[in-house]
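The values are calculated or read from the model by the stated rules, or taken from the named source; none is laboratory data. Since the model is a prediction, treat every value here as computed from it, not as a measurement. Heads up, the Cβs are rebuilt from the backbone with ideal geometry, glycines too, and the neighbour counts pull from every protein chain shown. The area values use the complete protein model at the heavy-atom level, side chains included, leaving out ligands, DNA and RNA. Shrake-Rupley method; radii C 1.70, N 1.55, O 1.52, S 1.80 Å.
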Amino acid sequence: FTNLRALNLKNQDITNAASIEKLASLETLNLCGNNITKLDVSLMTNLKDLRLYDTQLTALDLSKNVNLEQLYIQRTGISSLDISQLKKLKLLLANGAALTELTAIDLPALEQIQVTKNNIRKMTIRNLPALQQLHANSNVLKEITLENLPVLQRLNLYDNALESLSLNLPKLMFLFVYDNQLKELDTSHLPMLFQISVSNNPINKLDFSSNPMIRNIEAENMPAMTELNLKNNGDFDEDYEYLIIDGNTSLKTIYVDAGSEAAAVKRLVGSKPINVIE
């Protein structure tokens, strides 16, 4: 079948894929749910869609697959992945693999990265003009670089070991960084921020004065936090959701906009010894 362009052999109890490796015309290959331990795709230079999740693979060389647009390697043993040559790649799904590091730089088509539940300690994500979503929660991240991501809208970094985080993301709307070790968080370069979850971090102060779009804030169980600034001249409305009191045992001051926001926050505070300042 030398002219075969699409092959789907999902869940077929395959243990040896050697006979597939010479199908150089393939554009779509699905070997998910098989017991293969190795696969050589170097001859498949036309591949656009490669699906290998739920296999026993521990390594994958994609240096020849420059036309690849979608890659699925969830729940594999792949620990190292080089995507630097994949200039047409739009989607990377590698949740539950064994990755220890990820670098994605100068990939003009990449729209979404999902690498949750790996063992990633370090990430460099730079110059991705099409990236809209980055999901890297539930790793062991201690270091991450995020630069020149002009259309990123959703960032999931919760359940990691981050102590610092630099964010300059003009289109970011959804930020989830709870369950880390962050001691500070600067959101002043996130003008479109709408929802944030930052609970369970040793942050001392949170300042949302530069985030007039924000409506949903989850910042609980933060015993080091003494001050919270919500005063941003935003159009506060009834769709707000503020989870900002429980577990914040050191919280002394909350700055708010006068009017409906002040009234809402005062109701949340109740009789607790927290100053609500308009």
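Tabulated data for the structure shown
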{"item": "Qualifying residue in the range 184-194 (condition: outside any loop (DSSP other than H, G, I, E, B), touching a residue at least 12 places away in the same chain (Cβ under 8 Å) and buried (at least 17 other Cβ atoms within 10 Å of the Cβ))", "result": "no"}
{"item": "Filter pass, K272 being basic (K, R), touching a residue at least 24 places away in the same chain (Cβ under 8 Å), surrounded by 14 or more Cβ atoms within 10 Å (Cβ to Cβ) and part of a loop (DSSP other than H, G, I, E, B)", "result": "no"}
{"item": "Which listed residue is modelled with pLDDT under 95 and open to solvent by 10 Å² or more (accessible area, probe 1.4 Å), from D246, D239, D257", "result": "D239"}
{"item": "Meets criteria (in contact with a strand residue (DSSP E or B) (Cβ under 7 Å, 6 or more places away or on another chain) and either polar (S, T, N, Q) or closer than 24 Å to D82 by Cβ (or both)) for L193", "result": "no"}
{"item": "Residue within the range 157-171 that is farther than 20 Å from L230 by Cα and among the aromatic types (F, W, Y) present", "result": "yes"}
{"item": "Scope the range 50-105; condition assigned to a strand (DSSP E or B) and either open to solvent by 10 Å² or more (accessible area, probe 1.4 Å) or in contact with a helix residue (DSSP H, G or I) (Cβ under 6 Å, 6 or more places away or on another chain) (or both); matching residues", "result": "R51, Q70, Y72, L91, L93, E101, T103, I105"}
{"item": "Matching option when the condition is of a type in the set (G, A, S), open to solvent by 60 Å² or more (accessible area, probe 1.4 Å) and part of a loop (DSSP other than H, G, I, E, B), among S199, S210, S166", "result": "S166"}
{"item": "Qualifying residues in the range 213-236 (those that are within 16 Å of Y255 (Cα to Cα) and small (G, A, S)) - the one most open to solvent (accessible area, probe 1.4 Å)", "result": "G234"}
